[in-house]
Amino acid sequence: MGDYLSQFLRLFESYDVLGAFWVNIQLTFWAAILALVIGTVLALMRISPIPSLQWAGATYVTLFRNTPLTIIMVFLTLGVWGQLKIQLADDFPSNFFRFAVLGLAVYHAAFVCEAIRSGVNTVPLGQAEAARAIGLSFLPAARIVILPQAFRGSVAPLGNVLIALIKNSTVAAAAGVATETSSLMKTMIEFDSDVIIAIFLTFAIGYVILVIPVGLATTTLSRRLAVKR
Amino acid sequence: MRTRTRTGGLVALAATAALALSACGGDDSSGGSTEGGGTASGGGEKITIGIKFDQPGLGFKEGDTYTGFDTDVARYVAEKLGYSEDQIEWTEAPSAQRETLLSTDQVDMIFATYSITDKRKETVAFAGPYFVAGQDLLVAEDNTDIQGPEDLEGKNLCSVTGSTSAQRIKDEYAAGVQLLEQPGYAECVTALLSGQVDAVTTDDIILAGLAAQPANKGKVKVVGAPFSTERYGVGISQSSDKCEDINTAITEMIEDGSWEEAITANTEGTGYTPNSSENPPTPDACA
């Protein structure tokens, strides 16, 4: 036991483990906000009465939900940055961080959209009919009546998307973000292969610590926020 | 009505099961006969060798053939240990899995650009070295202003995740270099060819292997000023008794000229020559 403790100590002394987790938290934070915005717009498109918007929303979801995240990331770095030479920032670290956030966001927006749509399904049809009956058109009806109830009903699925996003943030390594956890783990295995179990446990426990509170919080929130009918 | 549906379902299920079973039977018999034939012609046990599958010029899988300098040395050593080519079972040994593959006896030897380090010696053992590589730079063919790591000030440099070669340049040679880390060397070369990075850095022989690929030939070149030493060894488990025999085989390979031949063949057309002050190496004494 003391042996393991000294191995962990050695890893934490020679590498910035907390800094690496902090990068993943930042990636998750910005990508979650962006994905929520895109996903809400997509959900609105899919429940809207305009067929072309429904089609566009459904196409986006089908396309991005079925594309592996790594491919999106590699496309962004080698395609958009490498070939099209589009830059999101002048210095490399922020440039690739932004590309990684973008890649994570457009991918998870598809799942956010479907989570919100499942929330919309918890709102009885009568609510929409009542909203139209008092003269609200589609957007005000969605904003004032449907979406507030839908969000309360989609807390649990949104929590699942957030948990997946936390873990998927390690794919940012494919987009050139080299300070995050999976890259650090690779470096550790390369140079400290003698303590491989301690390395594994460091990251396994780290992600458990990150993910479990999110799971507990969304379960509690979904119970408290659900509209009692 | 209800019973009839259920009976129908059962009949369908039975039919499917019968089909599946007969299909399995067919597979089994044909698989068995092929395997039997293989063993008869091979004769004797197999040796499992871990190599890279994705490093052209060193360990590269093309269809079901394996090419590269690492595989050539592995074949030579295996032959000296008494295993013919068809008794070799190639396994992929990605960098992060090499120690685990050896300590759990999933492979017998590893030839996968495996540098000998003291930390690794705590969990695995090494025979060799069979090659001494050095960190170098890969640049575009028409590039003349990058002659060494000092010239990278203000330039963009690519390397792979999980190595410190790029960070070493930033720390020791050019503080103003911008680093891009990618999952593999192929991605780095793509970025180099598109002009978004000015150089790719890692061990010189890996770079030479990339430069020798048909798609990159004539477009990139190795600078040829190595500034570190990486001693590639043969990874074996600590309980292995093969170390002495492997070292003898490596020495023989260097003496009879096949070592030189393998290097030339795998870096053909790039003008690459290994660092002559370190190569060919003399294997270390076995622990």
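Among the criteria (1) under 30 Å from residue A:194 (Cα atoms); (2) touching a helix residue (DSSP H, G or I) at 6+ places or on another chain (Cβ under 7 Å); (3) part of a strand (DSSP E or B), the one residue B:73 does not fulfil is (3).
Condition first: without any contact (Cβ under 8 Å) to a residue 12 or more places away in the chain, over 28 Å from residue A:90 (Cβ atoms) and not hydrophobic (A, V, I, L, M, F, W, C). Now tell me which residues in region B:189-225 satisfy that. I'd like the intermediate steps shown before the answer.
Kept after step one, since they are without any contact (Cβ under 8 Å) to a residue 12 or more places away in the chain, are these residues of region B:189-225: B:190, B:194, B:214-215.
If we keep only those that are over 28 Å from residue A:90 (Cβ atoms) as well, we get B:214-215.
Answer for region B:189-225, where residues must be without any contact (Cβ under 8 Å) to a residue 12 or more places away in the chain, over 28 Å from residue A:90 (Cβ atoms) and not hydrophobic (A, V, I, L, M, F, W, C): just B:214.
Identify, please: which residue in region A:85-99 is within 19 Å of residue B:192 (Cβ to Cβ) and polar (S, T, N, Q) and is, among those, modelled with the highest pLDDT? First the steps, then the outcome.
Of the residues in region A:85-99, the ones within 19 Å of residue B:192 (Cβ to Cβ) are A:85-87, A:92, A:95-96, A:99.
With polar (S, T, N, Q) added as a condition, the list becomes A:87, A:95.
Details: A:87: 87, A:95: 92.
Top of the filtered list is A:95.
Being within 14 Å of chain A (Cβ to nearest Cβ), charged (D, E, K, R) and in contact with an Asp or Glu (Cβ under 9 Å, 6 or more places away or on another chain), is that true of even one residue in region B:121-140? Yes: region B:121-140 contains one or more residues that are within 14 Å of chain A (Cβ to nearest Cβ), charged (D, E, K, R) and in contact with an Asp or Glu (Cβ under 9 Å, 6 or more places away or on another chain). Checked against the criterion of being within 14 Å of chain B (Cβ to nearest Cβ) and more than 21 Å from the chain's Cα centre (by Cα), the candidates A:84, A:69 yield just one match: A:84. Scanning region A:165-218 for residues that are more than 8 Å from chain B (Cβ to nearest Cβ), buried (at least 16 other Cβ atoms within 10 Å of the Cβ), touching a Gly at 6+ places or on another chain (Cβ under 9 Å) and under 22 Å from residue A:109 (Cα atoms) turns up A:171, A:172, A:175, A:214, A:218.
Of all residues in region B:147-164, those satisfying the criterion of being surrounded by fewer than 18 Cβ atoms within 10 Å (Cβ to Cβ) and in contact (Cβ under 8 Å) with a residue 60 or more places away in the chain are B:147, B:148.
Hey, can you tell me all the residues within region B:100-109 that are touching a residue at least 24 places away in the same chain (Cβ under 8 Å) and within 12 Å of another protein chain (Cβ to nearest Cβ)?
Keep residues of region B:100-109 that are touching a residue at least 24 places away in the same chain (Cβ under 8 Å), which gives B:101-103, B:105-109.
Passing the criteria: B:101, B:102, B:103.
With respect to the conditions (1) touching a residue at least 24 places away in the same chain (Cβ under 8 Å); (2) farther than 22 Å from residue B:61 by Cβ, residue B:186 lacks only one, and its number is (2). The numbered conditions (1) closer than 16 Å to residue A:120 by Cβ; (2) free of Cβ contacts under 8 Å to residues at least 60 places away in the same chain; (3) of a type outside the set (Lys, Arg); (4) touching a Phe, Trp or Tyr at 6+ places or on another chain (Cβ under 9 Å) are all true for residue A:154 except (4).
Determine, yes or no, whether residue B:204 is surrounded by 24 or more Cβ atoms within 10 Å (Cβ to Cβ) and under 30 Å from residue B:119 (Cα atoms).
Values: surrounded by 24 or more Cβ atoms within 10 Å (Cβ to Cβ): yes; under 30 Å from residue B:119 (Cα atoms): yes.
Answer is yes for this residue.
Residues that are more than 7 Å from chain A (Cβ to nearest Cβ) and over 24 Å from residue B:115 (Cβ atoms) were ranked within region B:173-196; the one that is surrounded by the most Cβ atoms within 10 Å (Cβ to Cβ) is B:193.
Considered as a group, the residues in region B:77-93 that are within 21 Å of residue B:54 (Cα to Cα) and exposed (fewer than 15 other Cβ atoms within 10 Å of the Cβ) include one that is farthest from the other protein chains (Cβ to nearest Cβ), and that residue is B:85.
The values are calculated or read from the model by the stated rules, or taken from the named source; none is laboratory data. Small disclaimer: the values here were computed from a predicted structure and weren't measured. We place every Cβ from the backbone using ideal geometry, glycine too, and count neighbours over all the protein chains shown.
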